[in-house]
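Q: Once you've had a glance at the structure underneath, I'll fire off some questions.
The values are calculated or read from the model by the stated rules, or taken from the named source; none is laboratory data. On a predicted model such as this, the values are computed, not experimentally measured, just so you know. Cβ: placed from backbone, ideal geometry, glycine included. Neighbour counts: every protein chain shown.
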Amino acid sequence: MASFKQLGVSKEFIKSFKELGIVDPTEIQEKTLPILLDENTDFIGQAQTGTGKTLAFGVPLLTKINPDRKVVQALVLSPTRELGQQIAKQFFKFTKYTEKVFTECVYGGERIEIQIGRLQRPTHVIVATPGRLLDLMQRGVISLENVKTVVLDEADEMLSMGFQKDLEKILSSIPNAQNKWLFSATMPHGIVEIARKYLSPIAKGVHLNKKKIVNEKIQHQYIQVLDEEKLDVLLDFLDSQKKNRGVIFCRTKKASTKLAKQLKAKNHETEAINGDLTQKERDKVMRAFQNKTLKYIVATDLAARGIDVQNLSFVVHYELPDKDEYYTHRSGRTARGGKSGLSFVIANGKEMKQIRYYQRALGISFIEVK
(Lines give C-alpha, C1' and ligand atoms only; values in the text may rest on other atoms or scores of the structure.)
Protein backbone atom coordinates (compact mmCIF):
# COMPACT_ATOMS: atom_id res chain seq x y z
CA MET A 1 0.00 0.00 0.00
CA ALA A 2 1.32 3.44 -0.96
CA SER A 3 1.58 6.22 1.64
CA PHE A 4 -0.17 9.58 1.23
CA LYS A 5 3.23 11.13 0.47
CA GLN A 6 3.86 8.60 -2.32
CA LEU A 7 0.42 9.39 -3.74
CA GLY A 8 1.41 13.05 -4.13
CA VAL A 9 -0.37 14.58 -1.11
CA SER A 10 1.40 17.63 0.36
CA LYS A 11 2.93 17.54 3.86
CA GLU A 12 0.43 20.18 5.07
CA PHE A 13 -2.51 17.89 4.35
CA ILE A 14 -0.70 14.86 5.81
CA LYS A 15 -0.10 16.78 9.05
CA SER A 16 -3.85 17.46 9.37
CA PHE A 17 -4.64 13.79 8.56
CA LYS A 18 -2.45 12.64 11.47
CA GLU A 19 -4.41 14.85 13.86
CA LEU A 20 -7.63 13.31 12.51
CA GLY A 21 -6.28 9.78 13.03
CA ILE A 22 -6.01 9.12 9.28
CA VAL A 23 -2.82 7.12 8.72
CA ASP A 24 -3.15 4.90 5.64
CA PRO A 25 -5.08 5.58 2.41
CA THR A 26 -8.19 3.52 1.66
CA GLU A 27 -8.50 1.73 -1.68
CA ILE A 28 -10.55 4.49 -3.34
CA GLN A 29 -8.04 7.10 -2.09
CA GLU A 30 -5.03 5.09 -3.31
CA LYS A 31 -6.52 4.72 -6.78
CA THR A 32 -8.06 8.21 -7.08
CA LEU A 33 -5.57 10.68 -5.57
CA PRO A 34 -2.74 10.26 -8.13
CA ILE A 35 -5.16 10.81 -11.03
CA LEU A 36 -6.97 13.86 -9.63
CA LEU A 37 -3.85 15.52 -8.17
CA ASP A 38 -1.80 15.04 -11.32
CA GLU A 39 -4.02 16.62 -13.99
CA ASN A 40 -7.28 18.28 -14.96
CA THR A 41 -9.68 15.55 -16.06
CA ASP A 42 -13.25 14.31 -15.92
CA PHE A 43 -13.56 11.33 -13.59
CA ILE A 44 -16.00 8.66 -12.38
CA GLY A 45 -15.37 7.00 -9.02
CA GLN A 46 -17.51 4.09 -7.86
CA ALA A 47 -17.15 2.96 -4.26
CA GLN A 48 -19.45 2.23 -1.36
CA THR A 49 -20.25 4.79 1.33
CA GLY A 50 -17.89 5.08 4.29
CA THR A 51 -14.68 4.39 2.35
CA GLY A 52 -13.15 7.86 2.41
CA LYS A 53 -14.47 9.38 -0.83
CA THR A 54 -14.54 12.88 0.75
CA LEU A 55 -10.77 12.82 1.18
CA ALA A 56 -10.30 11.21 -2.26
CA PHE A 57 -11.93 14.16 -4.05
CA GLY A 58 -11.47 16.81 -1.34
CA VAL A 59 -7.69 16.98 -1.28
CA PRO A 60 -7.28 17.33 -5.08
CA LEU A 61 -10.13 19.90 -5.16
CA LEU A 62 -8.54 21.96 -2.36
CA THR A 63 -5.09 21.64 -3.93
CA LYS A 64 -6.38 23.21 -7.16
CA ILE A 65 -7.75 26.32 -5.37
CA ASN A 66 -5.84 29.59 -5.69
CA PRO A 67 -6.45 31.24 -2.27
CA ASP A 68 -5.47 34.68 -3.63
CA ARG A 69 -8.44 34.71 -6.03
CA LYS A 70 -11.50 35.69 -3.97
CA VAL A 71 -13.99 33.92 -6.28
CA VAL A 72 -15.84 30.58 -6.21
CA GLN A 73 -13.49 28.09 -7.88
CA ALA A 74 -15.05 24.75 -6.90
CA LEU A 75 -18.51 23.29 -6.33
CA VAL A 76 -19.54 20.10 -4.53
CA LEU A 77 -23.13 18.90 -4.95
CA SER A 78 -24.56 16.75 -2.17
CA PRO A 79 -27.96 15.02 -1.80
CA THR A 80 -28.62 16.20 1.76
CA ARG A 81 -27.96 19.01 4.17
CA GLU A 82 -26.25 16.63 6.62
CA LEU A 83 -23.80 15.24 4.07
CA GLY A 84 -23.08 18.76 2.76
CA GLN A 85 -22.29 20.01 6.27
CA GLN A 86 -20.08 16.97 6.87
CA ILE A 87 -18.09 17.64 3.67
CA ALA A 88 -17.64 21.35 4.51
CA LYS A 89 -16.47 20.42 8.02
CA GLN A 90 -13.95 17.93 6.61
CA PHE A 91 -12.58 20.52 4.17
CA PHE A 92 -12.07 22.92 7.08
CA LYS A 93 -10.13 20.25 9.01
CA PHE A 94 -8.05 19.18 5.99
CA THR A 95 -6.86 22.77 5.38
CA LYS A 96 -5.73 23.48 8.94
CA TYR A 97 -2.07 23.81 7.86
CA THR A 98 -2.52 25.01 4.26
CA GLU A 99 -3.16 28.52 2.98
CA LYS A 100 -6.68 29.56 3.99
CA VAL A 101 -9.39 28.15 1.74
CA PHE A 102 -12.93 29.33 2.55
CA THR A 103 -15.81 26.87 2.11
CA GLU A 104 -19.51 27.77 2.42
CA CYS A 105 -22.31 25.21 2.70
CA VAL A 106 -25.80 26.06 1.35
CA TYR A 107 -28.91 23.91 1.65
CA GLY A 108 -32.67 23.98 2.00
CA GLY A 109 -34.26 24.10 5.44
CA GLU A 110 -32.40 27.24 6.56
CA ARG A 111 -33.55 30.79 5.78
CA ILE A 112 -32.04 31.76 2.45
CA GLU A 113 -31.29 35.31 3.69
CA ILE A 114 -28.86 33.90 6.27
CA GLN A 115 -26.97 32.03 3.56
CA ILE A 116 -26.98 35.08 1.25
CA GLY A 117 -25.35 37.02 4.09
CA ARG A 118 -22.63 34.39 4.54
CA LEU A 119 -21.93 34.36 0.80
CA GLN A 120 -20.92 38.03 0.94
CA ARG A 121 -17.68 36.86 2.54
CA PRO A 122 -14.79 35.62 0.34
CA THR A 123 -15.70 32.08 -0.74
CA HIS A 124 -13.52 29.65 -2.71
CA VAL A 125 -15.62 26.47 -2.45
CA ILE A 126 -19.39 25.98 -2.29
CA VAL A 127 -20.91 22.74 -1.00
CA ALA A 128 -24.60 22.70 -1.91
CA THR A 129 -27.79 20.72 -2.24
CA PRO A 130 -29.03 21.12 -5.84
CA GLY A 131 -32.36 22.87 -5.15
CA ARG A 132 -30.92 25.57 -2.89
CA LEU A 133 -28.01 26.20 -5.25
CA LEU A 134 -30.40 26.80 -8.17
CA ASP A 135 -32.45 29.18 -6.02
CA LEU A 136 -29.34 31.21 -5.15
CA MET A 137 -28.21 31.20 -8.80
CA GLN A 138 -31.61 32.47 -9.95
CA ARG A 139 -31.38 35.31 -7.41
CA GLY A 140 -27.98 36.25 -8.82
CA VAL A 141 -26.26 35.63 -5.47
CA ILE A 142 -23.87 32.92 -6.70
CA SER A 143 -21.72 33.10 -9.83
CA LEU A 144 -20.21 29.86 -11.12
CA GLU A 145 -18.31 31.43 -14.02
CA ASN A 146 -14.92 30.86 -12.34
CA VAL A 147 -15.66 27.28 -11.24
CA LYS A 148 -12.99 24.90 -12.50
CA THR A 149 -13.87 21.81 -10.43
CA VAL A 150 -17.34 20.27 -9.93
CA VAL A 151 -18.01 17.19 -7.79
CA LEU A 152 -21.24 15.19 -7.73
CA ASP A 153 -21.05 13.27 -4.46
CA GLU A 154 -23.42 10.33 -3.79
CA ALA A 155 -24.76 10.91 -7.31
CA ASP A 156 -27.09 7.90 -7.20
CA GLU A 157 -28.72 9.25 -4.03
CA MET A 158 -29.31 12.64 -5.70
CA LEU A 159 -31.01 10.84 -8.58
CA SER A 160 -33.24 8.71 -6.36
CA MET A 161 -34.29 11.90 -4.52
CA GLY A 162 -35.51 13.41 -7.80
CA PHE A 163 -32.66 15.86 -8.49
CA GLN A 164 -31.86 14.79 -12.06
CA LYS A 165 -33.30 17.92 -13.75
CA ASP A 166 -31.63 20.19 -11.18
CA LEU A 167 -28.28 18.49 -11.76
CA GLU A 168 -28.60 18.90 -15.51
CA LYS A 169 -29.43 22.63 -15.15
CA ILE A 170 -26.41 23.16 -12.90
CA LEU A 171 -24.00 21.19 -15.09
CA SER A 172 -25.25 23.06 -18.18
CA SER A 173 -24.36 26.35 -16.47
CA ILE A 174 -20.68 25.39 -15.91
CA PRO A 175 -19.41 24.63 -19.41
CA ASN A 176 -15.86 25.80 -18.61
CA ALA A 177 -15.19 23.41 -15.74
CA GLN A 178 -11.88 21.61 -16.31
CA ASN A 179 -12.67 18.89 -13.77
CA LYS A 180 -16.05 17.18 -13.49
CA TRP A 181 -15.87 14.38 -10.93
CA LEU A 182 -18.76 12.01 -10.27
CA PHE A 183 -18.75 9.72 -7.20
CA SER A 184 -21.43 7.10 -6.64
CA ALA A 185 -21.88 3.82 -4.78
CA THR A 186 -24.03 2.39 -7.58
CA MET A 187 -24.35 3.26 -11.28
CA PRO A 188 -28.05 3.27 -12.23
CA HIS A 189 -29.13 4.21 -15.77
CA GLY A 190 -29.70 7.89 -14.90
CA ILE A 191 -26.12 8.30 -13.66
CA VAL A 192 -24.73 6.67 -16.78
CA GLU A 193 -26.82 9.13 -18.85
CA ILE A 194 -25.52 12.18 -16.92
CA ALA A 195 -21.95 10.93 -17.34
CA ARG A 196 -22.47 10.40 -21.07
CA LYS A 197 -24.02 13.86 -21.53
CA TYR A 198 -21.82 16.06 -19.32
CA LEU A 199 -18.50 14.27 -18.83
CA SER A 200 -15.80 13.78 -21.42
CA PRO A 201 -16.01 10.50 -23.38
CA ILE A 202 -12.43 9.88 -22.26
CA ALA A 203 -13.20 10.49 -18.56
CA LYS A 204 -10.91 8.51 -16.29
CA GLY A 205 -12.44 6.18 -13.74
CA VAL A 206 -12.00 3.97 -10.74
CA HIS A 207 -14.64 1.26 -10.45
CA LEU A 208 -14.09 -0.98 -7.50
CA ASN A 209 -15.00 -4.59 -8.22
CA LYS A 210 -18.80 -5.08 -8.24
CA LYS A 211 -18.32 -7.55 -5.39
CA LYS A 212 -16.75 -4.73 -3.34
CA ILE A 213 -19.68 -2.33 -3.74
CA VAL A 214 -20.76 -3.30 -0.23
CA ASN A 215 -18.00 -2.60 2.29
CA GLU A 216 -16.08 -5.81 3.01
CA LYS A 217 -15.73 -4.89 6.68
CA ILE A 218 -19.49 -5.36 7.18
CA GLN A 219 -20.72 -8.76 8.35
CA HIS A 220 -24.19 -9.63 7.03
CA GLN A 221 -26.50 -11.72 9.20
CA TYR A 222 -30.16 -12.66 9.03
CA ILE A 223 -32.76 -14.39 11.13
CA GLN A 224 -35.98 -15.78 9.64
CA VAL A 225 -39.11 -15.10 11.71
CA LEU A 226 -42.85 -14.64 11.43
CA ASP A 227 -44.07 -11.02 11.15
CA GLU A 228 -45.52 -11.11 14.66
CA GLU A 229 -42.14 -12.20 16.08
CA LYS A 230 -40.14 -9.32 14.59
CA LEU A 231 -40.47 -6.89 17.53
CA ASP A 232 -39.42 -9.47 20.16
CA VAL A 233 -36.43 -10.53 18.03
CA LEU A 234 -35.39 -6.88 17.62
CA LEU A 235 -35.63 -6.29 21.38
CA ASP A 236 -33.47 -9.38 22.04
CA PHE A 237 -30.93 -8.18 19.47
CA LEU A 238 -30.74 -4.67 21.01
CA ASP A 239 -30.27 -6.18 24.48
CA SER A 240 -27.39 -8.30 23.13
CA GLN A 241 -25.68 -5.17 21.75
CA LYS A 242 -25.11 -3.70 25.25
CA LYS A 243 -23.58 -0.21 24.72
CA ASN A 244 -23.35 -0.46 20.92
CA ARG A 245 -25.25 2.11 18.85
CA GLY A 246 -26.94 1.82 15.46
CA VAL A 247 -29.69 2.64 12.97
CA ILE A 248 -32.86 0.57 12.53
CA PHE A 249 -34.47 0.75 9.08
CA CYS A 250 -38.12 0.57 8.06
CA ARG A 251 -39.59 0.98 4.58
CA THR A 252 -42.31 3.54 5.39
CA LYS A 253 -42.80 6.65 7.53
CA LYS A 254 -45.75 5.01 9.29
CA ALA A 255 -43.75 1.89 10.18
CA SER A 256 -40.77 3.90 11.47
CA THR A 257 -42.98 6.07 13.71
CA LYS A 258 -44.79 3.02 15.10
CA LEU A 259 -41.57 1.10 15.78
CA ALA A 260 -39.91 4.06 17.53
CA LYS A 261 -42.95 4.31 19.86
CA GLN A 262 -42.80 0.57 20.58
CA LEU A 263 -39.09 0.76 21.42
CA LYS A 264 -39.57 3.82 23.65
CA ALA A 265 -42.32 1.93 25.50
CA LYS A 266 -39.66 -0.72 26.26
CA ASN A 267 -37.27 1.97 27.62
CA HIS A 268 -34.99 2.15 24.59
CA GLU A 269 -33.55 5.62 23.88
CA THR A 270 -34.69 6.14 20.30
CA GLU A 271 -36.53 8.49 17.92
CA ALA A 272 -37.88 8.11 14.41
CA ILE A 273 -36.39 10.13 11.58
CA ASN A 274 -38.60 10.31 8.49
CA GLY A 275 -40.14 12.67 5.94
CA ASP A 276 -42.87 13.82 8.35
CA LEU A 277 -40.33 15.71 10.46
CA THR A 278 -39.62 19.39 9.87
CA GLN A 279 -35.96 20.30 9.28
CA LYS A 280 -35.82 21.71 12.82
CA GLU A 281 -37.15 18.45 14.31
CA ARG A 282 -34.80 16.40 12.15
CA ASP A 283 -31.81 18.50 13.27
CA LYS A 284 -32.82 18.03 16.90
CA VAL A 285 -32.97 14.22 16.52
CA MET A 286 -29.63 14.12 14.66
CA ARG A 287 -27.94 16.32 17.30
CA ALA A 288 -29.19 14.00 20.06
CA PHE A 289 -27.94 10.97 18.11
CA GLN A 290 -24.52 12.51 17.45
CA ASN A 291 -24.24 13.60 21.10
CA LYS A 292 -25.12 10.03 22.17
CA THR A 293 -28.19 11.04 24.18
CA LEU A 294 -30.04 8.78 21.72
CA LYS A 295 -28.74 5.25 21.40
CA TYR A 296 -30.63 4.38 18.19
CA ILE A 297 -32.68 6.02 15.49
CA VAL A 298 -35.41 4.36 13.46
CA ALA A 299 -35.17 5.65 9.90
CA THR A 300 -36.66 5.40 6.43
CA ASP A 301 -34.34 5.15 3.43
CA LEU A 302 -34.79 8.72 2.21
CA ALA A 303 -34.62 10.22 5.71
CA ALA A 304 -31.33 8.43 6.39
CA ARG A 305 -29.54 10.05 3.43
CA GLY A 306 -26.35 11.74 4.51
CA ILE A 307 -26.33 10.34 8.06
CA ASP A 308 -22.65 10.15 8.94
CA VAL A 309 -22.24 9.31 12.61
CA GLN A 310 -18.94 7.77 13.60
CA ASN A 311 -18.58 4.45 15.44
CA LEU A 312 -22.00 2.96 14.69
CA SER A 313 -21.70 -0.77 15.40
CA PHE A 314 -24.72 -2.02 13.47
CA VAL A 315 -27.68 -1.41 11.23
CA VAL A 316 -30.88 -3.44 11.52
CA HIS A 317 -33.19 -4.05 8.57
CA TYR A 318 -36.54 -4.40 10.34
CA GLU A 319 -38.02 -4.32 6.84
CA LEU A 320 -35.91 -4.83 3.73
CA PRO A 321 -35.88 -2.03 1.12
CA ASP A 322 -37.40 -2.20 -2.37
CA LYS A 323 -34.10 -1.58 -4.20
CA ASP A 324 -30.76 -3.31 -3.80
CA GLU A 325 -28.88 0.03 -3.87
CA TYR A 326 -30.86 1.01 -0.76
CA TYR A 327 -29.43 -2.05 0.99
CA THR A 328 -25.96 -0.83 0.01
CA HIS A 329 -26.60 2.65 1.40
CA ARG A 330 -28.23 1.35 4.59
CA SER A 331 -25.35 -1.02 5.31
CA GLY A 332 -22.87 1.78 4.65
CA ARG A 333 -24.00 3.63 7.80
CA THR A 334 -21.81 1.19 9.77
CA ALA A 335 -18.15 0.10 9.30
CA ARG A 336 -17.07 3.62 8.39
CA GLY A 337 -13.48 4.86 8.35
CA GLY A 338 -11.93 1.38 8.25
CA LYS A 339 -13.87 -0.03 11.22
CA SER A 340 -15.96 -3.21 11.11
CA GLY A 341 -19.74 -3.39 11.53
CA LEU A 342 -22.83 -5.59 11.40
CA SER A 343 -25.81 -5.50 9.02
CA PHE A 344 -28.61 -7.56 10.61
CA VAL A 345 -31.79 -8.53 8.74
CA ILE A 346 -34.95 -9.60 10.57
CA ALA A 347 -36.63 -11.36 7.64
CA ASN A 348 -40.06 -12.85 7.11
CA GLY A 349 -40.60 -15.64 4.56
CA LYS A 350 -41.15 -13.22 1.68
CA GLU A 351 -37.94 -11.29 2.43
CA MET A 352 -35.83 -14.44 2.23
CA LYS A 353 -36.05 -14.20 -1.59
CA GLN A 354 -34.49 -10.71 -1.40
CA ILE A 355 -31.64 -11.99 0.75
CA ARG A 356 -30.85 -14.67 -1.86
CA TYR A 357 -31.02 -11.97 -4.56
CA TYR A 358 -28.61 -9.67 -2.64
CA GLN A 359 -26.14 -12.54 -2.32
CA ARG A 360 -26.05 -12.90 -6.11
CA ALA A 361 -26.38 -9.24 -7.16
CA LEU A 362 -24.11 -7.64 -4.55
CA GLY A 363 -21.66 -10.51 -4.08
CA ILE A 364 -22.14 -10.74 -0.31
CA SER A 365 -22.57 -13.71 2.02
CA PHE A 366 -25.24 -13.79 4.71
CA ILE A 367 -24.83 -15.82 7.88
CA GLU A 368 -28.04 -17.25 9.36
CA VAL A 369 -28.59 -16.67 13.07
CA LYS A 370 -30.64 -19.36 14.78
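Q: Is there a residue being in contact (Cβ under 8 Å) with a residue 40 or more places away in the chain and either within 24 Å of Leu152 (Cα to Cα) or touching a helix residue (DSSP H, G or I) at 6+ places or on another chain (Cβ under 8 Å) (or both) anywhere in the stretch 261-274?
A: We begin by selecting, within the stretch 261-274, every residue in contact (Cβ under 8 Å) with a residue 40 or more places away in the chain; these are none.
Checking the stretch 261-274: not a single residue is in contact (Cβ under 8 Å) with a residue 40 or more places away in the chain and either within 24 Å of Leu152 (Cα to Cα) or touching a helix residue (DSSP H, G or I) at 6+ places or on another chain (Cβ under 8 Å) (or both).
Q: Considering only residues of the stretch 207-226 that are outside any strand (DSSP E or B) and modelled with pLDDT of 95 or more, which is surrounded by the most Cβ atoms within 10 Å (Cβ to Cβ)?
A: For the stretch 207-226, the residue satisfying everything is Val225.
Q: Counting just the residues of the stretch 162-177 that are assigned to a loop (DSSP other than H, G, I, E, B) and either closer than 16 Å to Val76 by Cβ or at pLDDT 95 or above (or both), which one comes out nearest to the chain's Cα centre (by Cα)? Spell out the reasoning first.
A: Going residue by residue through the stretch 162-177, those that are assigned to a loop (DSSP other than H, G, I, E, B) are 162-163, 173-177.
Remaining after also requiring either closer than 16 Å to Val76 by Cβ or at pLDDT 95 or above (or both): 163, 173-174, 177.
On the way: Phe163: 15, Ser173: 25, Ile174: 24, Ala177: 24 Å.
Out of the qualifying residues, it is Phe163.
Conditions tested, residue by residue: (1) closer than 20 Å to Val141 by Cβ; (2) at pLDDT 95 or above; (3) acidic (Asp, Glu).
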{"residue": "Gly50", "(1), (2), (3)": "no, no, no"}
{"residue": "Lys64", "(1), (2), (3)": "no, yes, no"}
{"residue": "Ala88", "(1), (2), (3)": "yes, yes, no"}
{"residue": "Phe91", "(1), (2), (3)": "no, yes, no"}
{"residue": "Phe94", "(1), (2), (3)": "no, yes, no"}
{"residue": "Gly108", "(1), (2), (3)": "yes, no, no"}
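Q: Val23 passes all but one of (1) part of a loop (DSSP other than H, G, I, E, B); (2) in contact (Cβ under 8 Å) with a residue 60 or more places away in the chain; (3) loosely packed, with under 15 Cβ neighbours inside 10 Å; which number fails?
A: Only one criterion is unmet by Val23, namely (2).
Q: Same structure, new question: For the stretch 284-335, name all the residues that are closer than 28 Å to His189 by Cβ, among the basic types (Lys, Arg) and in a loop (DSSP other than H, G, I, E, B).
A: Arg305, Lys323, Arg333, listed by residue number.
Q: Taking helices (runs of 4 or more DSSP H) that do not extend beyond the stretch 51-139, which have at least 2 residues that are of a type in the set (D, E, K, R) and free of Cβ contacts under 8 Å to residues at least 60 places away in the same chain?
A: 112-118, 130-138
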